[in-house]
1. If a residue counts only when it is within 18 Å of I140 (Cβ to Cβ) and among the hydrophobic types (A, V, I, L, M, F, W, C), which helices (runs of 4 or more DSSP H) contained entirely in region 182-276 have at least 3 such residues?
2. Residue by residue through region 235-276, note down the ones that are aliphatic (A, V, I, L, M) and within 30 Å of R54 (Cβ to Cβ).
3. Looking at region 110-128, which of its residues are part of a strand (DSSP E or B) and surrounded by 16 or more Cβ atoms within 10 Å (Cβ to Cβ)?
4. Any chance you could count how many residues in region 152-197 are of a type in the set (V, I, T), out of contact with any Pro (no Cβ under 7 Å at 6 or more places or on another chain) and open to solvent by less than 50 Å² (accessible area, probe 1.4 Å)?
5. Residue check, S377 against (1) of a type in the set (S, T, Y); (2) under 41 Å from the mean Cα position of the chain (by Cα); (3) at pLDDT below 95, all met but one. Which one?
6. Do the conditions hold for R113, that is, is it within 13 Å of the ligand (Cβ to nearest atom), at pLDDT 95 or above and in contact with a Pro (Cβ under 6 Å, 6 or more places away or on another chain)?
7. Suppose we filter R215, R238, R205 for residues that are among the basic types (K, R), open to solvent by 40 Å² or more (accessible area, probe 1.4 Å) and in contact (Cβ under 8 Å) with a residue 12 or more places away in the chain; which single one remains?
Amino acid sequence: MSQQIQAVRGMKDILPQETPLWQRVEQTLRDTFSAYGYSEIRLPLAEKTELFQRSIGEVTDIVEKEMYTFEDLNHERLSLRPEGTAGCVRAGIEHGLLHNQIQRLWYMGAMFRHERPQKGRYRQFHQAGIEAFGMEGPDIDGELIAMTARIWKSLGVTSLVLQINSLGTLAARQIYRGHLVEYFNGHREALDEDSQRRLTTNPLRILDSKNPDMRELILAAPQLSEHLDAESLAHFERLKTLLDSAGVLYTVNPRLVRGLDYYSKTVFEWVTDQLGAQGTVCAGGRYDGLIEQLGGKAAPAIGFAIGLERLLSLIESQAGLPAPQPPHLYLLVAGEHAERAGVKLVESLRDALPGLRLVMNCGGGSFKSQFKRADKSGARVALLLGDEELAKNIVGVKFLREERAQQEISMDNLAASLRELIL
Ligand code: HAM
């Protein structure tokens, strides 16, 4: 026997017993996005590497060490998308969707990051994200967060809490960065290796460190909120009022900085303590400078992405997996003539009864083995068609899940009878 080939580490198969939950969640997301006026955009899985370097940032974990980057046959450097915002902005600029207009877009699909796999963290994972362009006030920030809250409500998810923060404008952040570098420089010996490196590359990210030895030091560090510009402060205060009016609970986390460079002003995360270390299920924020940075005309923007694996595992831990939808009918056929008549019959039933889930036995077998398959399929009713039934122009109807006598129904009014019996 040849050796088996296994899936790539960190890239999961989603098996048939899991897909009903995926479909339910995806449908709820689509319905909610559409109810808030968002349109779908479908973006390529690969982009020029430079796009991610220029948007997410050269010295972020994602760009420094997590991208699947390769040279294609034309020697172009491409990367599998680690997230959706960069590609969405690139497409928006390229197709003139962002210039002087309001645009509400959503996307859903696979993203790739070469992280160390663990529960809730994969190398191929799925995000559903939205990006809203052309609105600078906090009203859209509030609406977007209220929409996420509605999604959790629709899905019956109760264990997520909202954290919000403001990162201020780029200029205000530069000034704060100076204070932070000065503070951490004064405590260099207490910084771990990673943070020492970040001190020169991206000092704000030190605040994000999970190292318990640095906890005290980080807690005592100067806070961004003390250095916010007046405009960002007013924006944040209005957002809080809007969330209060919408009845969305939140906590302000002054150390929430996010791992991507493009954010300004509002940032937020929905987190849970039910998933272990990977507790952030949804994250996003404003990125007013990104469009201009990527060559478009400056325009404000905000968005978020939901990690679908994490959301699903939360739902599954609360409610389990939904049962797959079994077929209504399973047709058993035996005999050469019956087989031909069977094909005709199922097609006419599909015409007459839209929505009917009908599996026809393929691959032959005795009636006994066909019954076993019918039972395993979960179908409620088995239809029997042998040469004998064919000769009498009838079909046998056997209920597989209830005590009911077997019936014979004339082929001529089979669709009408079945509609009454099972739909
Ligand atoms: P992010 O925080 O990098 O933001 O990712 C958003 C969410 O994707 C995370 O909160 C998490 O649920 C999920 N996620 C990220 N990495 C993994 C992984 N390796 N395995 C499983 N799930 C993961 C963004 O991607 C931004 N583009 C969000 C955004 C949109 N900001 C503005 N617009």
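The values are calculated or read from the model by the stated rules, or taken from the named source; none is laboratory data. Just so it is clear, the structure is predicted and the values come from calculations on it, not from any experiment. Positions of Cβ are generated from backbone atoms using ideal geometry, with glycine treated the same way; all protein chains shown enter the neighbour counts. Heavy atoms of the whole protein, side chains included, go into the accessibility calculation; ligands, DNA and RNA do not. Shrake-Rupley method; radii C 1.70, N 1.55, O 1.52, S 1.80 Å.
1. Working: elements: 193-201, 215-219, 230-246.
In region 182-276, 230-246 are the helices (runs of 4 or more DSSP H) which contain 3 or more residues that are within 18 Å of I140 (Cβ to Cβ) and among the hydrophobic types (A, V, I, L, M, F, W, C).
2. Going residue by residue through region 235-276, those that are aliphatic (A, V, I, L, M) are 239, 242-243, 246, 248-249, 252, 256-257, 260, 267, 271, 275.
Hits for region 235-276 are L239, L256, V257, L260, V267, V271.
3. Let us first name the residues in region 110-128 that are part of a strand (DSSP E or B), namely 110-112, 118, 121, 124-128.
Selection gives M111, F112, R121, Q124, F125, H126, Q127, A128.
4. At the first step, the residues of region 152-197 found to be of a type in the set (V, I, T) are 157-158, 161, 164, 169, 175, 181.
Retained after the next criterion (residues that are out of contact with any Pro (no Cβ under 7 Å at 6 or more places or on another chain)): 157-158, 161, 164, 169, 175.
Within this subset, residues satisfying the condition of being open to solvent by less than 50 Å² (accessible area, probe 1.4 Å) are 157, 164, 169.
Summing the residues that are of a type in the set (V, I, T), out of contact with any Pro (no Cβ under 7 Å at 6 or more places or on another chain) and open to solvent by less than 50 Å² (accessible area, probe 1.4 Å) in region 152-197 gives 3.
5. (3)
6. On the way: within 13 Å of the ligand (Cβ to nearest atom): yes; at pLDDT 95 or above: yes; in contact with a Pro (Cβ under 6 Å, 6 or more places away or on another chain): yes.
Taking the combined requirement at face value, the residue satisfies it.
7. Working: R215 fails: in contact (Cβ under 8 Å) with a residue 12 or more places away in the chain; R205 fails: open to solvent by 40 Å² or more (accessible area, probe 1.4 Å).
Checking each option against the conditions leaves just R238.
Yes or no, residue by residue, for (1) under 18 Å from the mean Cα position of the chain (by Cα); (2) of a type in the set (K, R); (3) within 12 Å of the ligand (Cβ to nearest atom):
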| site | (1), (2), (3) |
| --- | --- |
| F125 | yes, no, yes |
| G129 | yes, no, yes |
| T148 | yes, no, yes |
| F184 | no, no, no |
| E189 | no, no, no |
| R198 | no, yes, no |
| I206 | no, no, no |
